[in-house]
Structures are given as structure tokens and as C-alpha cells.
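K.L.:
Before I ask anything, let me first share the structure, which is written out below as C-alpha cells.
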Amino acid sequence: MTLQEEIKRRRTFAVIAHPDAGKTTLTEKLLLFGGAIHVAGAVKSNKIKKGATSDFMEIERQRGISVATSVMGFEYEGVKINILDTPGHEDFAEDTYRTLSAVDSVIIVIDGAKGVESQTRKLMEVCRMRSTPVMVFINKLDRPAKEPFDLLDEVERELKIRVRPLAFPIASGPDFKGVYNLYEKNLTLFTTIDRQTANAEKVEISDLASTEIDEYIGEKFANRLRDDVELVEGVYDEFDREAYLRGELAPVFFGSAVNNFGVRELLECFIQIAPSPRGAHTETRDVLPDEPKMTGFVFKIHANMDPNHRDRIAFMKICSGVFERNKNYLHVRSGKQLKFSSPTAFMAEKKSVIDEAYPGDIVGLHDTGNFKIGDTFTEGEKLRFTGIPSFSPEQFRYIENADPMKFKQLSKGVDQLMDEGVAQLFISSLNGRKIIGTVGQLQFEVIQYRLEHEYNASCRWEPISIYKACWIDSDNQEQLADFKRRKHTNMAVDKHGRDVFLADTSYALALAQENFKDIRFHFTSEF
């Protein structure tokens, strides 16, 4: 296959949602229909002993939440699909924001009973900033849910995007009968109880006027469906793919991921309309996927995917050209030529060595501590991709060693976990103590848990009162030196040696900005 054909058949997308909307369950079912797994796991269920494929860290299985983005690739009807399942919990939002820099489109999962929630709105803002095409899957219709038209209005209003339903549910809760596919104009009804596998029997009915529908779902529901579909066709414009690709229109699907309703409809429509890999921005120029030379960037680092080997994996998104195993590539930040003998493709924590990868693919590179988030690899050109930010943390604690015998383990563990981007490390200029900054409370628990279970190190947290951390720089070196001298007690350096001002109150920050006009205060580390 030519490079053009390989690019055309790829779809790289992220599944995002508020916690508990059913995002990981939907990912699991997409894998099931793609033939990548044979029995879907449950995220948290006592009856099904198999855990979800994408939640492979021990803490994820215990809590029933995703705390790290996982990558899964599979083939479906000749299309190569790369899914990134992201954490929904807001404490891990930063991982999700960075993941959105590596995908070409997004599926947003919304709980049919709760509607649009706060985290969904925030994630939509990030998609809007990048004009990322979004599809909406309204989930959990097997439980009592809001009226479909109310949900559609809410999505339009809250996410500030036009919608066009491409599937429509027949009732919800205990009366839920199935989903009518407006895109393909057919109706799928399950006639068996077997909903955990992909080969459940189904009936396909293409003509809504036919009385055959009445036999399956009863006259009352059949008439209601005819009225609903007529209303949809009357109220909403025809589906416009170009508007969807520009990020102005969201196709909406309804279903129940747990019961496999509506998932195949979503997947089949997705592979037809979703974009193949698109261009990426760098500081100097835009990179197009069909350029012959390989370029790619690291958007995530995961330590200890296999705790027995203490390995770190850098996730690299291929932006252009063909990535080949054992070929030399320039690591732009260090200026070194590196080659990779065992680059891997992912199925959550299962990895397989690959010989080549194409634009849109996510490749795992074994890392001994050389790589950072945002690193670029090329065939010689000095490029730096943009749009992979670190945000200013909102919660801070001193980290102290709880076991003097394990000083080395703690130091190594903190070092590696900070490289992953789960939190940020600042070293105080006043007393040299280590301060950890996170976006949310839960991250402190995850760090403590992972230090203990993956590095055999124990830590304790001590409180510190900080309002905001901001990176500072200035062209006026004299003023910068003066600022650092006066604010000595509030200064720190980050992991990369950059100056950070730790303001203890909002007033102190405003005052510093006012008094030192030549100093720039940055709230994301990408500057």
C-alpha cells in the first residue's frame, strides 16, 4: 500500500467524558466489535470477573476509574483504528488535554440520565480551541433517561455546537427496545439475551412504514418512533460532513454501551465520516501527513507498564512519513541520533513489536529516562511541535521520605512519575525541599500508591500554603535578578531548571505582576 492509502485508512480518536458516563465501557465494546477482544470486560462488576481492557493499572481496577490514558489499536473492515481511552476524573484532566493534541477526532460520551456535566464542558473547550471534530454518544439508555429531544437541546446549549442525530432511541429504561439508524436508514433489534458478545442476533428493517416493526416492538412504540423520526428529519438539517470536519456540527448517537445497543451504528458511521490524520503545527511550519520524511512527537510517558521490568514507555504520535524500526532518527532536543530496536504497538498493556508505523499511529518507545513530554523526532529537520501544554498546578504539598532506608527508591520514583506528567516537581530555593504540585487531590493518593507498589518507597505529605505556581522569564535580566532576590522565599525551580514563582495569595501574585512590569508570568509551561 502507498503512504497515501495507509494515511487514508487510519482513524485516531480519543474517547472523553465526565467520570462514570461509561467511557471505558464504550471503548471496550468498540474493541469487541472490532474483533480485538472476544468478551467485553466490565469496569466494576462482581458478576464479571474480567476487568476492562483499557484499565490495566492495579489502582484503576480497585477504584473502577481510569487514571491514565491507554492506547488500543485494531482493524475493522479495512480501517486501522487507534483509540485513546482517557481518564474522565478531573484530577487527571491534564493527561486528557495532552492526549487531545495527538488525535484527529473525538467521541464524547454523555450519560442519558445526567446530561452534560462540568468536565464534559471543559473538555469541549479544548476540542473547540483545536477545531477538533466531535461525535456525541448518549449512553445508558437502558436506564431511565431524559427525553431524547431535551438531551439534544442540552448538548447544543451546553457544548455550544450544532447537533444532528444520526441514530434515535426507541424509549428508554425498562422499555428500551433498540436504536433506529438514521444514517443507514435501518433498525437493529436484539432478539436474544446474549449482549456481551458481538454476534448477538438482530433484525434489520429498512422501511419504517412497514408493519413488521409493530410485530417486534408493538404498535405504540412503532408509532412513536415514526413520529420521532419525522420530527428529526423536519427540525434538523441534512448531515453535513464538511461542517463536522470543521468542528461546527456534532453527529449524535444514542445507545447503551453495556448492552451493545447503538455501538455498531456508531462505529460503522465513524469509519465512514471521521477524518484520517491531518496536519500538525510546529513553531516554524505546518507538517502534512503525506510528507515523505518521518516526524513525530511524544505526548505521554508511562512508567512501569510492566512492574517486573521497571520499564518506561514514551507514547509517540507519528505525524508524517513512515516510522521504521532500527532506523536512525534525530531526537531534536538532545541533538542525538537514536534508533529503536523494539518499537511497540498497543492493546492497553499488551504490546507487540512493529516494523513500521504510519501517520496517525501511536508507537511505544522504550525509554531509559531520556525523553520528555513534547520531544520531537525527525529525519534531521529541527522542528518543535506546539500544543502540548503543562498547566499550572492548583494543589501543593511537601513530599517527605517516610523510610530513611529507601531514599534512592523514592528519589527515582518521584523522578520517573514527574516525567509522566501526572504532577509537577518544584524545588524550593529557600530550603531545597521538594514540592509536588497537582491539578487535583486524587493525584496525591495515586502518587503515594504507585511509589509504594511500583518503587517500594514510602512517602508522607506535609501541608504548604501556595495559591499558584507560575513560570517566569524576562528580557530585563536586572529586573529578573532583583525579583528573584526580593521573592527569594517564594522562588523555586522546576524539573527542567526553569524559574517558578510560588505565590501564596492571589493578592501577592497581582502585586508582583503590577510592580515588575518587565517580567512575564506564564500559567502553562509552553512558552
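The values are calculated or read from the model by the stated rules, or taken from the named source; none is laboratory data. None of the values given here were measured: they were computed from a predicted structure. Virtual Cβ from ideal backbone geometry, glycine too; neighbours counted across all protein chains shown. Areas reflect the complete protein model, heavy atoms only, side chains present, ligands, DNA and RNA absent. Shrake-Rupley method; radii C 1.70, N 1.55, O 1.52, S 1.80 Å.
K.L.:
Using the heavy atoms of the protein chains and a 1.4 angstrom probe, tell me the accessible area per residue for the stretch 102-157 in square angstrom.
P.N.:
I get 36 Å² per residue for this part.
K.L.:
Determine which residues of the stretch 458-478 fall in the zone a paramagnetic label at Lys517 would reach in this model, i.e. backbone nitrogen under 14 Å from the point 7 Å along Cα→Cβ.
P.N.:
476
K.L.:
Find out how many positive minus negative residues lie around Arg433, taking Lys and Arg as positive, Asp and Glu as negative, among other residues whose Cβ is under 12 Å from that of Arg433.
P.N.:
Once positives and negatives cancel, what remains is 0.
K.L.:
According to a simple spin-label model (label point 7 Å from Cα along Cα-to-Cβ), what is the distance in nm between Asp415 and His366?
P.N.:
The answer from the label model is 1.9 nm.
K.L.:
Just want the answer: with Cβ charges of +1 for Lys and Arg and -1 for Asp and Glu, which residue in Met418, Leu442, Ser429 is farthest toward the dipole's positive end in the stretch 393-458?
P.N.:
Going by the Cα projections, it comes out as Ser429.
K.L.:
Let me ask something else. Could you give the length gained on full extension between Tyr467 and Thr489, defined as 0.36 nm per residue of separation minus the Cα-Cα distance, in nm?
P.N.:
Details: separation 22, 0.36 × 22 = 7.92 nm, distance 1.43 nm.
The span from Tyr467 to Thr489 would gain 6.5 nm if fully extended.
K.L.:
Within 10 Å, count the other beta carbons around each residue, average over each peptide in 17-23, 380-386, and list them highest first.
P.N.:
Sorting 17-23, 380-386 by mean packing, highest first, produces 17-23, 380-386.
K.L.:
I would also like to ask the following. Tell me the carbon and sulfur percent of the accessible area for the stretch 318-378, rounded to whole percent, probe radius 1.4 Å. All intermediate terms of the calculation are to be shown ahead of the outcome.
P.N.:
Numbers: 1120 of 2500 Å².
That share works out to 45 percent.
K.L.:
Tell me the label-point distance for the pair Arg130, Asp240, using the 7 Å Cα-to-Cβ offset, in nm and rounded to one decimal.
P.N.:
Distance between label points: 2.5 nm.
K.L.:
Using r as the Cβ-Cβ distance of Thr386 and Glu219, and R0 as 51 Å, what FRET efficiency do you calculate, to the nearest 0.05?
P.N.:
According to the calculation, E is roughly 0.30.
K.L.:
Please name whichever of Leu159, Met124, Ala102 sits farthest to the positive end of the charge dipole of the stretch 96-177, dipole taken about the Cα centre and charges placed at Cβ: Lys and Arg +1, Asp and Glu -1.
P.N.:
Ala102
K.L.:
Just the number please: accessible area per residue for the stretch 417-527, 1.4 Å probe, all protein chains included, in Å². Numbers along the way, then the final one.
P.N.:
On the way: 5280 Å² over 111 residues.
It amounts to 48 Å² per residue over the stretch 417-527.
K.L.:
Taking 2.2 N^0.38 Å as the expected size of a compact globular protein, what ratio does the Cα radius of gyration of the stretch 117-195 give against it, to two decimals?
P.N.:
Relative to the 2.2 N^0.38 Å estimate, the stretch 117-195 comes out at 1.26.
K.L.:
What full-extension length gain, to one decimal in nm, is calculated for Ala481 and Arg285 as 0.36 nm per residue of separation minus the Cα-Cα distance?
P.N.:
So the extension gain works out to 67.1 nm.
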